[in-house]
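Trainee: My questions all concern the structure below.
The values are calculated or read from the model by the stated rules, or taken from the named source; none is laboratory data. Values in this document were obtained by computation on a predicted structure and should not be read as measured data. Cβ placement follows ideal geometry from the backbone for every residue including glycine, while neighbour counts extend to all protein chains displayed. Remember, those area values only see protein heavy atoms, side chains included, never the ligands or the DNA or RNA. Shrake-Rupley method; radii C 1.70, N 1.55, O 1.52, S 1.80 Å.
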Amino acid sequence: MFPYKITSIDGNDGKELLELFKGEKVGFVQVGQKKWTLPAKYADHAEKYYTFDLKQDDLWIMTYPRSGTTWIQELLWLVNNKLDFEASSKLPLIERFPFFEFNMMFSDKLLEEVAELNDNGPEVMKELKHRDTPGYIIAQTMKSPRHFKTHLPPSLMPPNLTDTCKVVYVARNPFDVVVSHYHHNKLFKAHDFQGDFEKYWELFEKDLIMYSPYWEHIKEGWEKRNHPNFLFLFYEDLLRDLPGNIRKICTFLNKQMTDDEIKKLADHLHIDNFRKNVKIVKKFEMKGLVNPEAQGFIRRGKIGGNEEFDDDKLKLRADKWFKENLAKTDIVFPKF
């Protein structure tokens, strides 16, 4: 049984979120005492996500969104599949390493609109059906070892996840996360954020951005960092010393790699090569899913230097928020 209460976000907050996130046709819910903010469609699948039947050799990547997740998916899949670059180049990442709760991102109304925009073409309908299929269904036809990505926090996942499977958790500093998340929500019509960055930051502070609260998410991962099946990494460390962190991941997964293989993998994962060579999803023309004028899915992959914080007043406010929340934890972020 699913142990948490799910409530709709109503009132002024609910109204504002529907106005700002045009793609979220039916609104948002909050889950449990921590009030995890998620699309309303989550309520239809919460129990099946929570009670998902795990296998011992499943491998999970868990992050708060925009923490280098896609990048690390590719890294983990290749380490766990003997550096099969050929298969990596042919099969989209979403098929090799599905996004467990991806289906909750697409309201039924949005899917209908996209289908109509594309004249209900058979290839489009097949793709939309796939996106609307929950991970717990997709998993039934997957071969072992299975790989899954989730942005859900540990407390909303099966309680036996860490005791059963290997989990890699990647945390990223909130300033880079929120900027990347803002542009991501501008890009995809499933979100279609209409406000400016200052408004987005305000929602982030109020824990009204999807998968928030940010701090609770990071804390839940941090609390599990000493479990033998749980590897907690910082995005900043990965970026600054990718070969060293590949070695750490190999040790965690009980895999052996030579120095040459590690170098080859690190080169493959360089942001310019990654952007150019890795297929995330099937590439074909589909109207109505992305805003063509927005920044791309794989952006800069860097640390800091976000012009969105150029406003001194906003920067001071954000710094104060960060220091106050960090002081309530024992988390030690790398320098960023």
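Conditions tested, residue by residue: (1) under 21 Å from the mean Cα position of the chain (by Cα); (2) assigned to a helix (DSSP H, G or I); (3) not aliphatic (A, V, I, L, M).
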{"site": "Met1", "(1), (2), (3)": "no, no, no"}
{"site": "Tyr4", "(1), (2), (3)": "no, no, yes"}
{"site": "Asn12", "(1), (2), (3)": "no, yes, yes"}
{"site": "Lys15", "(1), (2), (3)": "no, yes, yes"}
{"site": "Glu19", "(1), (2), (3)": "no, yes, yes"}
{"site": "Gly23", "(1), (2), (3)": "yes, no, yes"}
{"site": "Gln30", "(1), (2), (3)": "yes, no, yes"}
{"site": "Lys34", "(1), (2), (3)": "yes, no, yes"}
{"site": "Leu38", "(1), (2), (3)": "yes, no, no"}
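Trainee: Identify all residues within region 230-239 that are modelled with pLDDT under 95 and either more than 19 Å from the chain's Cα centre (by Cα) or part of a strand (DSSP E or B) (or both); write none if there are none.
Mentor: Of everything in region 230-239, nothing turns out to be modelled with pLDDT under 95 and either more than 19 Å from the chain's Cα centre (by Cα) or part of a strand (DSSP E or B) (or both).
Trainee: Can you name the residue in region 124-149 that is part of a loop (DSSP other than H, G, I, E, B) and open to solvent by less than 30 Å² (accessible area, probe 1.4 Å) and, of all such residues, is farthest from Val281 (Cα to Cα)?
Mentor: Arg146
Trainee: If a residue must be surrounded by fewer than 23 Cβ atoms within 10 Å (Cβ to Cβ), polar (S, T, N, Q) and either at pLDDT 95 or above or in contact with a helix residue (DSSP H, G or I) (Cβ under 6 Å, 6 or more places away or on another chain) (or both), how many such residues does region 70-85 contain?
Mentor: So the count comes out to 2.
Trainee: Give the residue, chosen from Ser107, Ser88, that is out of contact with any strand residue (DSSP E or B) (no Cβ under 8 Å at 6 or more places or on another chain), surrounded by 17 or more Cβ atoms within 10 Å (Cβ to Cβ) and hydroxyl-bearing (Ser, Thr, Tyr).
Mentor: Just a single option satisfies the conditions, and that option is Ser88.
Conditions (1) more than 17 Å from Val177 (Cα to Cα); (2) surrounded by fewer than 17 Cβ atoms within 10 Å (Cβ to Cβ), marked per residue:
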site	(1), (2)
Lys206	no, yes
His217	no, no
Lys224	yes, no
Leu231	yes, no
Tyr235	no, no
Gln256	yes, yes
Leu269	yes, no
Val278	yes, no
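Trainee: Filter region 230-264 down to the residues that are touching a residue at least 24 places away in the same chain (Cβ under 8 Å) and closer than 23 Å to Gln56 by Cα and list them by number.
Mentor: Phe230, Leu231, Phe232, Leu233, Ile246, Ile249, Cys250, Phe252, Leu253, Lys255, Met257
Trainee: Select from region 150-175 the residues that are hydrophobic (A, V, I, L, M, F, W, C) and assigned to a strand (DSSP E or B) and list them in ascending order.
Mentor: Val167, Val168, Val170, Ala171
Trainee: Does Leu20 count as farther than 14 Å from Tyr211 by Cα and not β-branched (Val, Ile, Thr)?
Mentor: Yes: the conditions hold for Leu20.
Trainee: Anything in region 191-229 that is farther than 27 Å from Leu59 by Cα, assigned to a loop (DSSP other than H, G, I, E, B) and out of contact with any Ser or Thr (no Cβ under 7 Å at 6 or more places or on another chain)? List them, or say none.
Mentor: His191, Asp192, Gln194, Gly195, Asp196, Lys206, listed by residue number.
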